[in-house]
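*Asks:* Below: one structure in structure tokens.
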Amino acid sequence: MRWLRQADLTRVDGPQELLTCLLAILGKPPPHEGLAALRLWGQTGDRPAAWMAAADPVYLEPRRDDLVLHALDHAHLGAGELRDLFDHLQTVLGPDGSSGFARVGYRGYLNVAEPIATAELSAATIDGRSPDSYLPAGINAAGQRKILSEIEMALHEQVVNVAREAAGRVPVNSLWIWGGGTAPLQVADPHPPLFSDDALLLGYWSSKTAHTESWPGTIAACLAASVAGFVAVVPDDAGDASLPELLRELKSALRSGRLSKLTLLFRDGVRADVRRAYALRVWRRHNTLLDAESGDSDSRQNGVMA
């Protein structure tokens, strides 16, 4: 924490996809559509040819004045449950071929005959917020409203949800439709090596013919496999205990000259930019962005970019 207080600390305004944040740091423009197709590309290794949208399972919690969206990932929803839900949706809503519901791993996808407007941000990114502000608006949103209504009706009292509620678990009462579009054509565009298991990032890097590897577990391994910098994303299941050691590795790499600068992105929106010369900032003992968290902000890592 003392080392981080020497950095230039800022906070990212509002929810943003990690890909958008990383590309801003790299000085690259973000893709304006097709995030779902890029994510599938990252999952399968193959560029999808068709238009598609991500269709992620969510629980919309009704409150007094609005709804709150809760993303349901693999920690909240079993693979068998997700398979049964998507099989049910395909049977009920897709027999005529107008809609296609597909599950790939713990990710859901929607393909429709006529492309529709979709949300720009993923369910995980707006988790815990009211979804209303992030839905597409205007006349072009009619297609999504219609299919969402059909999905929610089909999920109501579906056998998986009946079993979940009987067990005291929240139902999957909707899907979050986002990232619609087609995958970009693959073009060569220099990017630093990526060490990550994030499917969306892997798909984007693949679209640029850039080098990717799984997260190796240490910063030392990333340094050994790169020459002029890298992007590394610490997976969610790495555990809070791993963060102090990762920060020590990064601090050592800066002091030794192996790195000249470093950018850290944390899940709570804090961004830390560090340079070797910042070690001289010994007078910096406090920072409101860190002190406000009472030491908690160092335990919510999302990505490390060096």
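*Asks:* Here is a list: 226, 260, 256. Which entry is within 23 Å of residue 27 (Cα to Cα), of a type in the set (Ser, Thr, Tyr) and open to solvent by 60 Å² or more (accessible area, probe 1.4 Å)?
*Replies:* That would be 260, the only listed residue that is within 23 Å of residue 27 (Cα to Cα), of a type in the set (Ser, Thr, Tyr) and open to solvent by 60 Å² or more (accessible area, probe 1.4 Å).
*Asks:* Tell me which residues, restricted to the stretch 200-219, are in contact with a helix residue (DSSP H, G or I) (Cβ under 7 Å, 6 or more places away or on another chain), over 16 Å from residue 30 (Cα atoms), surrounded by 14 or more Cβ atoms within 10 Å (Cβ to Cβ) and not hydroxyl-bearing (Ser, Thr, Tyr).
*Replies:* 219, the sole residue that qualifies.
*Asks:* Check whether at least one residue in the stretch 236-249 is closer than 28 Å to residue 76 by Cα, in contact with a strand residue (DSSP E or B) (Cβ under 7 Å, 6 or more places away or on another chain), open to solvent by 40 Å² or more (accessible area, probe 1.4 Å) and aliphatic (A, V, I, L, M), and report yes or no.
*Replies:* Scanning the stretch 236-249 turns up no residue that is closer than 28 Å to residue 76 by Cα, in contact with a strand residue (DSSP E or B) (Cβ under 7 Å, 6 or more places away or on another chain), open to solvent by 40 Å² or more (accessible area, probe 1.4 Å) and aliphatic (A, V, I, L, M).
*Asks:* Let me ask another. Determine if the stretch 9-16 includes at least one residue that is closer than 25 Å to residue 143 by Cβ, part of a loop (DSSP other than H, G, I, E, B) and acidic (Asp, Glu).
*Replies:* no
*Asks:* Could I ask something else about it? Give me the residue from the stretch 166-193 that is surrounded by fewer than 11 Cβ atoms within 10 Å (Cβ to Cβ) and of a type in the set (A, V, I, L, M, F, W, C) and, out of that set, farthest from residue 231 (Cα to Cα).
*Replies:* Within the stretch 166-193, the subset surrounded by fewer than 11 Cβ atoms within 10 Å (Cβ to Cβ) is 166-168, 185, 187-188, 190.
From what's left, of a type in the set (A, V, I, L, M, F, W, C): 166-167, 185, 187-188.
Working: 166: 44, 167: 41, 185: 23, 187: 20, 188: 18 Å.
Of everything passing the filter in the stretch 166-193, 166 is farthest from residue 231 (Cα to Cα).
*Asks:* Taking interchain pairs and intrachain pairs at least six residues apart, which have beta carbon atoms under 8 angstrom, with the first residue in the stretch 10-25 and open to solvent by 30 Å² or more (accessible area, probe 1.4 Å) and the second hydroxyl-bearing (Ser, Thr, Tyr) and assigned to a strand (DSSP E or B)?
*Replies:* 25/263
*Asks:* Quick one: which of 243, 262, 201, 148 is under 22 Å from residue 106 (Cβ atoms), over 17 Å from the mean Cα position of the chain (by Cα) and not aromatic (Phe, Trp, Tyr)?
*Replies:* So the residue among 243, 262, 201, 148 that is under 22 Å from residue 106 (Cβ atoms), over 17 Å from the mean Cα position of the chain (by Cα) and not aromatic (Phe, Trp, Tyr) is 148.
*Asks:* For the stretch 28-70, give me each residue that is in a strand (DSSP E or B) and closer than 23 Å to residue 183 by Cβ.
*Replies:* Correct list: 52, 53, 54, 55, 56, 57.
*Asks:* Now, a different point. Within the stretch 65-73, does at least one residue satisfy the condition of being over 28 Å from residue 202 (Cβ atoms), under 19 Å from the mean Cα position of the chain (by Cα) and surrounded by fewer than 20 Cβ atoms within 10 Å (Cβ to Cβ)?
*Replies:* Checked the stretch 65-73: at least one residue is over 28 Å from residue 202 (Cβ atoms), under 19 Å from the mean Cα position of the chain (by Cα) and surrounded by fewer than 20 Cβ atoms within 10 Å (Cβ to Cβ).
*Asks:* Which members of the stretch 80-96 meet the condition of being at pLDDT below 90 and either loosely packed, with under 15 Cβ neighbours inside 10 Å or farther than 15 Å from residue 109 by Cβ (or both)?
*Replies:* Hits for the stretch 80-96 are 95, 96.
*Asks:* Residue 125 fails exactly one of the following numbered conditions: (1) out of contact with any helix residue (DSSP H, G or I) (no Cβ under 6 Å at 6 or more places or on another chain); (2) polar (S, T, N, Q); (3) in a loop (DSSP other than H, G, I, E, B); (4) farther than 26 Å from residue 72 by Cα. What is the number of that condition?
*Replies:* (4)
*Asks:* Hey, could you check the stretch 106-152 for residues that are farther than 23 Å from residue 16 by Cβ, of a type outside the set (A, V, I, L, M) and free of Cβ contacts under 8 Å to residues at least 40 places away in the same chain and say which is surrounded by the most Cβ atoms within 10 Å (Cβ to Cβ)?
*Replies:* 143
The values are calculated or read from the model by the stated rules, or taken from the named source; none is laboratory data. Because the structure is a prediction, the values reported are computed rather than measured. Reconstructed Cβ throughout: ideal geometry from the backbone, glycine too, with neighbour counts over all protein chains shown. Side chains included, ligands, DNA and RNA excluded: accessible areas come from the protein's heavy atoms. Shrake-Rupley method; radii C 1.70, N 1.55, O 1.52, S 1.80 Å.
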